[in-house]
Every structure is written in C-alpha cells, then in structure tokens.
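Please read the structure below before turning to the comments.
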Amino acid sequence: MIVQDVINHLEELAPLAYAEDFDNVGLLVGNKTQKITGILVTLDTLEAVVDEAIQTNCNLIISFHPIIFKGLKKITGKNYVERVVMKAIKHDIAIFSIHTALDNTLQGVNNMICNQLELIKNRILIPQSETIKKLTTYVPKNEAEQLRTALFKIGAGNIGNYSDCSFNVEGYGTYKGNENSNPTKGKKNKTHTEKETKISVTYSKHLESEVLQTLFKTHSYEEVAYEITTLENKNQNIGMGMIGEFAEPMDESNFLKYLKTKMNTGCIKHSSFLNKKIKKVAVLGGSGSFAINAAKANGADAFVTADLKYHDFFTAENSILLADIGHYESEQFTKNLLVAYLTKKITNFAIILSNIDTNPVKYF
C-alpha cells in the first residue's frame, strides 16, 4: 500500500473538494507514491507526534489540523512548524491533513459531537452551495440506456435518498463533419440527422473528473456535445455544523453539566441563562462564531462551539444559549472517527491512535 491508496480511502469519507477555500488540506509533506509501513492518526502534528511516529514505525501521519497553514518562506527550524516539517522530511514521514473537508461532510466532525451528545434528527446546519453540478449531453437513442447506466454506476444521478435520477428528451441531432473528421455515424462532408436522447443528470462536484471520463469513454461520437452547469441548490449532505434534538428537554444548568461531562471539558464559557428548556442544539467543532446567526435562524435553543470572543456572546441577544467548550475539546473525538474508519478500510496493518495530548490550552 502506498500513501495515495490511503488518501483515496479518506476522500471517500471526506472529499477534499469540499474543504473551505482558506484551508490547506491534502498531502502537506512527503511523496504520494511512498510505500507505507504504518499510519498514525492525530489531531495536531507536533514534534512529539513525529517522534511517536518514528517510535511506532509509522511513515504516514493523518492529521486533522494542517501543520502548514500559511506559506513557508524559510525552513530553518526557528519555530515548531518548521521543526516538524524538517523532522518529518528527515525521517521520510508523510503528513496528510483533512481538516475542513471532514468538517463539511455528513459523517464528520460535527456528527461525532452529535453522537457524543446523543442528539437525534440530526442535519447539516449550514449547507454548502455550488457543490451540485448538472451534466447535459446528447447521445444516439439506442445508446442512451448504456450511458445512463455508466453515469449512475459512478454516483451521478444521486439526489438525497434517491439514485438513478435523470431527465430525458428525445429529438433529432444534426452535424456535418469536415475532411479531417471521422464520424462514427454518417459520412464526412455530408449533413447527418440522428435520433438522439438529451440526458441531464446532477452529480456532486468532486465526481466531475470521473463523470467526464465516463462520458467520453461510453459515448460513441468522435466529438461529444455536452454542457456543465453549477447549480445554486443547497447540498443537504455537505456543509458546516449540525443541528439535532434531545429526546427529552433539560434545563440549562443540567444541560451545561451534561455537556461538560460528555465533551470532557474542564471549563465552559456560556451566555446568560434564558430560563427555558434546552431541546434543539446546534453544534460546530472548532471556531464557530460565524454560525451563531444560523443556529438562531434554525431555532436552536443552544449552540455548542469554541473560540467565542467577548463580543460574540452579546449576539445571543436573549434568544439562544451559547456554550464555548474549547477548540480541542470540540474536536477531540475526530481522531477516533478516523481510526475507526481506516481500520475498516485497511485490514493488513494496524491504524495507530496517537497517545500525545496536543491540546495547548490548560485549565487551573
């Protein structure tokens, strides 16, 4: 197995195409063709984690947070980022980061928080837009079924709980190939009319390369006519945060006690109590102040996130309970998710969960 094989598995869980534009995800250090001796999974890649990888004979580190976030103009070892990169390169250790790609997937970071809190009826809090595309093409009528089947096989035509979705219109296509053409139907330099089926299918944007390859491979024409459009529809399976409900509501004080225990946090900063029951809860792992209004708009009684600043708490405006549980605490179960996932996908050697506590924040 090589590094790229593991990346392929991870992209099935969380395609990098859905990472936020500001992020730096993917293979940050190393060669994708390198053979793997072991895999170490961590939340952050620190020097101690690289040392752990060396000790456990792991030459691939899967890290949630990217160790390289901003550009590096020099690598001299003057800070922890440069030292990590230098040590990893010296010992032929590859580093891969998945970060907001996993934040934005349905079975990712925020789903883990919902599971930890035992929330039900969970859904994406802020669905992503411009992640659904539509292919429209024109194919000889007797080849339409073959092309539809090929596109469905790779995942095109999936809409929510439905698959094999397409729209089809029959008509006539005309064309005339020049002297350099090699038409599969009709003759060059002569206008040809063909009974065709217009096929339209939607697909998730990370499938675009495979969709086009399948189209060109399956279609019989020398020149394939097709159109691709990006839809404004929200993608209910891709996006930031989640919102769910408790089976039974609880008062605010008990909710915070429950939250503190379930999320194993030493401290919770929160906005003023509103003297109402907590039933619907929005969650967003990591820095989530940007989602406060979305949580309110979705009718959440509480919003669990991290890194809220002083003025962020004012935006509660007596309509929602804001709870800052800490950045590390909100994402701590992410590495368990990755280990469980990769263990099912890769059975020929162990996937190791890092023992290093990378939380830089301590509580007194």
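The values are calculated or read from the model by the stated rules, or taken from the named source; none is laboratory data. Not measured: the values here are computed from a predicted model. Quick reminder, even Gly has a Cβ in these numbers, built from the backbone with ideal geometry, and neighbours come from all protein chains shown. Ligands, DNA and RNA are excluded from the accessible area calculation, which covers all protein heavy atoms including side chains. Shrake-Rupley method; radii C 1.70, N 1.55, O 1.52, S 1.80 Å.
Computed over protein heavy atoms with a 1.4 angstrom probe, the accessible surface ordering of ILE75, ILE95, largest first, is ILE75, ILE95. Considering only ASN104, GLY286, GLN34, and ranking their Cα positions along the charge dipole of the chain that arises from unit charges at the beta-carbon of Lys, Arg, Asp and Glu, the one farthest toward the positive end is GLN34. The trypsin sites (Lys or Arg not before Pro) of the stretch 123-181 meeting both criteria, a DSSP state outside H, G, I, E and B (loop) and at most 15 other C-beta atoms within 10 angstrom of the site's C-beta, are LYS176.
Computed on protein heavy atoms with a 1.4 Å probe, the accessible areas place CYS58, CYS267, CYS165 in the order CYS267, CYS165, CYS58, largest first. Using the empirical formula 2.2 N^0.38 Å as the baseline, the Cα radius of gyration of the stretch 62-143 reaches a ratio of 1.78. Loop-located GluC sites (Glu not before Pro) in the stretch 3-108 (DSSP state not H, G, I, E or B) with no more than 15 neighbouring Cβ atoms inside 10 Å: GLU20. The residues of the chain present an accessible area of 51 Å² per residue when probed at 1.4 Å with all protein chains retained.
Quick one: putting +1 on the C-beta of Lys and Arg, -1 on the C-beta of Asp and Glu, what dipole do you get for the chain around its Cα centre, in Debye to the nearest 20? Roughly 360 debye for the chain. Counting only alpha carbon atoms, the long axis of helix 144-153 and the longest principal axis of the chain meet at about 20°. The tail of the calculated P(r) for the chain, taken as Cα-Cα distances beyond 30 Å, holds 51 percent of the pairs. Binning all Cα-Cα separations of the stretch 311-364 at 5 Å, short to long from zero, yields these whole-percent fractions: 4, 14, 17, 14, 13, 12, 9, 8, 5, 3, 1.
Subtracting the Cα-Cα distance of GLN107 and THR174 from their residue separation scaled by 0.36 nm leaves 19.5 nm. Residues in the stretch 258-272 carry Karplus couplings, in order, of 4, 4, 5, 6, 5, 9, 6, 10, x, 6, 10, 8, 9, 7, 5 Hz; the curve used is 6.51 cos²θ - 1.76 cosθ + 1.60 with θ = phi - 60°, and Gly or Pro positions show x.
With one equal scatterer per alpha carbon and no solvent term, the Debye-computed log10 I(q)/I(0) for the stretch 1-139 at 0.11, 0.15 1/Å reads -0.48, -0.81. A DSSP coil position with no more than 15 other Cβ atoms inside 10 Å describes the following trypsin sites (Lys or Arg not before Pro) in the stretch 1-98: LYS32, LYS70, LYS73, LYS74, LYS78.
HIS91 contributes an accessible area of around 80 Å² to the protein surface, as traced by a 1.4 Å probe with all chains present.
Placing +1 on the Cβ of every Lys and Arg and -1 on the Cβ of every Asp and Glu, with no other charges, gives the stretch 221-284 a dipole of roughly 920 debye about its Cα centre. Enter the Cα centre distance for the pair the stretch 236-252 and the stretch 189-224, rounded to the nearest angstrom. The distance from the Cα centre of the stretch 236-252 to that of the stretch 189-224 comes to 42 Å.
Computed over neighbours whose Cβ is under 11 Å from that of GLU194, the net charge equals +1, Lys and Arg +1, Asp and Glu -1.
Using only the C-alpha atoms, the convex hull of the stretch 267-309 corresponds to 85 Å³ per residue. For the stretch 115-224, the alpha carbon convex hull comes to 123 Å³ per residue, rounded to a whole number. Among beta bridges from DSSP that stay inside the chain, the antiparallel ones total about 70%. Ranking HIS219, HIS206 from most to least accessible surface, computed with a 1.4 Å probe over the protein chains only, gives HIS206, HIS219.
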